[in-house]
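Here the structure is laid out as structure tokens; the discussion comes afterwards.
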Amino acid sequence: MDNIKYLKLCGILSAVIIGSLLFIPGLADAIETAMLGFLMVNARA
């Protein structure tokens with residue numbers, strides 16, 4: 001995959017995630033819970 005295509009893909013995914021965090025409260029809570037769970041599991045190691 002070319003660097004330009006990869007950068008565009010990352011930019012689009014970032015924009016979608018940020019938009020969903022701002023405008024879809026249920027999804028934002030689910031993402032936050034998953035991130036906190038991930039951090040708690042890795043903090044024990």
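Here is how the number arises for the chain: DSSP H runs of 4 or more residues each give -39500 (n - 2.57), the sum is divided by the residue count, and the result at 222 nm is -30500 deg cm²/dmol. Recomputing percent of Cα pairs over 12 Å apart from the coordinates shown identifies the correct label among (i) 62; (ii) 69; (iii) 58 as (ii). Put a dot 7 Å past the Cα of L22, heading toward its Cβ, do the same for A34, and the two dots end up 2.1 nm apart.
The long axis of helix 25-43 is offset from the longest Cα principal axis of the chain by roughly 70 degrees.
Values quoted throughout were computed directly from the atomic coordinates according to the rules given, and no laboratory measurement underlies them. Because the structure is a prediction, the values reported are computed rather than measured. With ideal geometry, Cβ positions are generated from the backbone for all residues, glycine too; neighbour counts draw on all protein chains shown.
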